[in-house]
């Protein structure tokens, strides 16, 4: 009798261990939910997915740690729970954008959902092809919309909400461009003394581009070597690659002060230099009231080129985003003016040159310094929001199944665990959780950024750009000749502004929308430069005195 009971208990334990819901609970710890709440939320997915068992959905996302975790762990977990097979493809950002564009232009069903940047929001709400999620959740998607989705908990919700007040995308991951530096080097007394003697102020967090340049020159040209290795005061990239365009379009001009004051991107001229009037883009060139070829833009691009050539490792000039992203983790870079927090996981690994013997980071992140044309009230920095995007043309059954998976990977049952893996937080409840607060000392200021109001002032490209997938490629193709030394910064920007205007005109002819582009007539640029606001006339001094602040004081800017 005892043997029978023992066998029964053993079989019961084995069945319990193999229960997909229990397997999911084991993987998805910690959570901001209680175990009971988590179990109930996961059980909802099991029940809601019953009509879709056997359905296969294809999704695609860019190549970062967060999406690798989704593809390798969460997609199989979801399939085990629901019976819906998910093929979660990982590719380069440019490939994701191009495939979305191809699907929209040809009608071919390549994927059932995309994790694409909220930078495309201006295109989505004008071209009438992307599923309006707020309408879908109230209509055909109501039965497959998670009751505990809690949209207001998403910190990036404003970035995926169009000017019409509707939700077009669902945030999946977020990362920002922040200033990154080697705190351990900046704290060395001999380096601090040498910097003070040479420049007359403290080696601390730079507040303007002049101070950043002084620090870059100090490490690259004066210090040169630390702990037996060649060191550099700057890191960036300049290869002939689509990512060069994102590097420059993702608020480099904005941080220089090219656009107007006003959030999220400058009103009426944004950080792409595009003037928008009554929601209509009216031009990017100064001749049409834009600022893409303005003195501030020329200053911004020239600084980018000069720093890359003078202060970064020589091979950086041929690198792309993915190649350059973890270079500083090798331990020979003193600072980066715009460091993508998506790489935080690579800079916190045990045994890395970027952590000390106790596992604490040797580096910190802080607000990025601003260029000479920047004024208080302008955009403070760039934030990437990768968000779930579905198309209206996708068959309803596929849309509903894909929507279930999209919600699963951002649900409260999943999001905290995913955040700890990829370090790209999307929910306020996760940021305020004890787990992330405990992890904060090892993340160099990342959590402090997301717990501050700055998380709303670092913004994506926004709704002004009416055709992001078409216009993003213009940046790198037109500006790389200047980065490579084949054209002047002024000539490259003049060319870019010209093709921007041409593209805006073409989009305006194609889009049937009240906010479609409609170009201003051309005028002499001097007429616009005399008016208040952007485009700004040239400053007599583009290199004011350098200014730095101690780390703790610099962080107060986030409040």
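The values are calculated or read from the model by the stated rules, or taken from the named source; none is laboratory data. Just so we're clear, the structure is a prediction, and the values are computed from it rather than from any experiment. No Cβ is skipped: glycine too gets one built from the backbone with ideal geometry, and neighbour counts run over all protein chains shown.
Summary of values
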quantity	calculated
Any hit, segment 305-312, residues being crowded, with 23+ Cβ neighbours inside 10 Å and touching a residue at least 60 places away in the same chain (Cβ under 8 Å)	yes
Selection status of residue 351, assigned to a loop (DSSP other than H, G, I, E, B), farther than 21 Å from residue 159 by Cβ and without any contact (Cβ under 8 Å) to a residue 24 or more places away in the chain	yes
Lone qualifier among 115, 132, 46 - being closer than 22 Å to residue 158 by Cβ, surrounded by fewer than 23 Cβ atoms within 10 Å (Cβ to Cβ) and in contact (Cβ under 8 Å) with a residue 24 or more places away in the chain	132
Residue check for residue 470: crowded, with 21+ Cβ neighbours inside 10 Å, in contact (Cβ under 8 Å) with a residue 60 or more places away in the chain and either touching a strand residue (DSSP E or B) at 6+ places or on another chain (Cβ under 6 Å) or part of a helix (DSSP H, G or I) (or both)	no
Set 276, 282, 258: member being outside any helix (DSSP H, G or I) and more than 26 Å from residue 176 (Cβ to Cβ)	282
Given (1) crowded, with 24+ Cβ neighbours inside 10 Å; (2) part of a loop (DSSP other than H, G, I, E, B), number of the condition residue 202 does not satisfy	(1)
Qualifying residue in segment 214-235 (condition: modelled with pLDDT under 95 and in contact with a strand residue (DSSP E or B) (Cβ under 8 Å, 6 or more places away or on another chain))	no
Helices (runs of 4 or more DSSP H) lying entirely in segment 5-88 (those with 1 or more residues that are within 25 Å of residue 402 (Cβ to Cβ) and modelled with pLDDT under 95)	20-27, 65-69
Matching helices (runs of 4 or more DSSP H) fully within segment 414-466 where at least 1 residues are surrounded by 17 or more Cβ atoms within 10 Å (Cβ to Cβ), within 17 Å of the chain's Cα centre (by Cα) and at pLDDT below 95	446-450, 454-457
Residue list for segment 145-156, restricted to those being surrounded by 17 or more Cβ atoms within 10 Å (Cβ to Cβ) and more than 22 Å from residue 396 (Cα to Cα)	153, 154, 155, 156
In segment 69-109, the residues that are over 27 Å from residue 51 (Cα atoms) and in contact (Cβ under 8 Å) with a residue 60 or more places away in the chain	92, 93, 94, 97, 98, 100, 101, 104
Residues of segment 473-489 satisfying the condition of being more than 14 Å from residue 308 (Cα to Cα) and part of a loop (DSSP other than H, G, I, E, B)	486, 487, 488
Test: residue 354 is in contact with a helix residue (DSSP H, G or I) (Cβ under 6 Å, 6 or more places away or on another chain) and over 30 Å from residue 58 (Cβ atoms)	yes
Filter pass, residue 257 being touching a strand residue (DSSP E or B) at 6+ places or on another chain (Cβ under 8 Å), touching a residue at least 24 places away in the same chain (Cβ under 8 Å) and surrounded by 21 or more Cβ atoms within 10 Å (Cβ to Cβ)	yes
Qualifying residue in segment 265-283 (condition: closer than 30 Å to residue 440 by Cα and within 23 Å of the chain's Cα centre (by Cα))	yes
Residue in segment 523-536 that is farther than 15 Å from residue 288 by Cβ and either touching a helix residue (DSSP H, G or I) at 6+ places or on another chain (Cβ under 6 Å) or not in a loop (DSSP other than H, G, I, E, B) (or both) present	yes
Filter pass, residue 310 being over 22 Å from residue 539 (Cβ atoms) and part of a helix (DSSP H, G or I)	no
Verdict on residue 271 being assigned to a loop (DSSP other than H, G, I, E, B) and either at positive phi or in contact with a strand residue (DSSP E or B) (Cβ under 9 Å, 6 or more places away or on another chain) (or both)	yes
Any hit, segment 269-276, residues being surrounded by fewer than 24 Cβ atoms within 10 Å (Cβ to Cβ) and touching a residue at least 60 places away in the same chain (Cβ under 8 Å)	no
Residue in segment 153-174 that is out of contact with any strand residue (DSSP E or B) (no Cβ under 9 Å at 6 or more places or on another chain) and not in a loop (DSSP other than H, G, I, E, B) present	no
Search result, residues across segment 323-338 that are over 16 Å from residue 366 (Cβ atoms), part of a loop (DSSP other than H, G, I, E, B) and either touching a helix residue (DSSP H, G or I) at 6+ places or on another chain (Cβ under 9 Å) or without any contact (Cβ under 8 Å) to a residue 60 or more places away in the chain (or both)	325, 326
